[in-house]
Amino acid sequence: MELITWRGTPGVGDFMWALNSAHRYCYDYGVKVNLEFQWEHGEDYLHHFEEEETIIERLHYIHNFYARQDDVTITHVFNAKGRYSDWKYTNDLKLLENGRLRQVAKKNNEGKNRFWFQSGVYTDKLFEEAPNTSWIFREDAIPKKYNRMKVVIWRPLFNAEIPRMWKNFLTVEQWDDIISMLRRAGLNIVELTYRTPISEVMYHISTCKQILCYDGMWHYIGKNYAKPMIVISNEGITTYHTGHALKASPDINDKNNIFELLEDIPNMLGKSKKLAVKYEQSSRRFW
């Protein structure tokens with residue numbers, strides 16, 4: 001059994017990035033791994049005072065839905081000292097609040113320690129190939145029926161911290177306009193936040209017709225359910241994490257912007273579904 005270590009953060013998307021990477025690595029190389037998360041805090045840590053579930057509880061709940069779950073054994077190191085001990089969550093926020101600091105960090109490869117593969121197949125160095133993240137939940141965990149009128153959204157409005165710049169292009173008023181346009185089309189909107197219980201998140205995403213969101217939060221759950229997804233982003237990182245999604249620009253001056261797409265909602269939903277079906281079909285080999 002090989003060892004992969006990963007820096008634990010408060011984000012569900014971050015640990016699902018690790019889970020998807022580890023599972024795909026096992027499949028591609030015919031191995032089993034111990035995926036060791038190293039946390040800067042204790043097991044009972046809550047990142048926000050309104051949260052009722054720890055990041056550890058959410059991690060194990062979600063992993064139960066993974067295809068070939070037994071390929072990856074999860075272990076934890078709490079209050080970790082070592083490879084990731086110099087990192088603090090607030091450090092990443094500071095790097096992204098100041099453009100000059102961000103460039104310095106990139107140049108010196110600071111703040112980049114996120115994972116380590118014992119095999120050396122993937123490294124966390126600049127310009128190196130990143131792990132393949134294409135994976136899926138097990139077949140019997142994916143509902144055969146869904147609500148054809150339900151659209152799930154999430155936006156950065158209720159986040160614990162100010163989101164990173166590529167997640168926060170739209171104003172609150174623009175998000176409200178998007179929701180109103182979808183409702184006028186007769187669609188039912190379910191809005192999720194970081195504090196939504198994980199079982200409720202899984203239920204709504206697994207039974208919805210469409211996801212419309214910013215790049216983050218629950219995006220890997222939508223990916224692993226192979227759900228039609230529209231991500232409001234122009235960033236390359238969006239293609240990496242959710243390559244099956246339809247990317248929509250937040251800039252009204254761009255040709256493929258979200259407001260232009262919303263002028264023809266049936267066509268927008270059709271494009272998104274086509275991409276999702278293609279991803280689901282290509283992922284069936286993991287079952």
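The values are calculated or read from the model by the stated rules, or taken from the named source; none is laboratory data. On a predicted model such as this, the values are computed, not experimentally measured, just so you know. Cβ placement follows ideal geometry from the backbone for every residue including glycine, while neighbour counts extend to all protein chains displayed.
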Scan region 180-198 and give yes if some residue there is touching a Lys or Arg at 6+ places or on another chain (Cβ under 8 Å), part of a loop (DSSP other than H, G, I, E, B), modelled with pLDDT of 95 or more and crowded, with 18+ Cβ neighbours inside 10 Å, otherwise no.
yes
Taking region 22-48 and keeping only residues that are in a helix (DSSP H, G or I) and within 21 Å of Val201 (Cβ to Cβ), one is left with His23
Could you tell me how many of the residues in region 86-140 are at pLDDT below 50 and assigned to a helix (DSSP H, G or I)?
15
Restrict the check to region 67-84 and report whether at least one residue is among the hydroxyl-bearing types (Ser, Thr, Tyr), surrounded by 14 or more Cβ atoms within 10 Å (Cβ to Cβ) and modelled with pLDDT under 85.
yes
Under 8 Å by Cβ, and 6 or more places apart or on different chains, what pairs join a residue from region 120-133 that is more than 13 Å from Ala18 (Cα to Cα) with one that is assigned to a loop (DSSP other than H, G, I, E, B)?
Lys125/Asn109; Lys125/Lys112; Leu126/Asn109; Leu126/Lys112; Glu128/Tyr122; Glu129/Tyr122
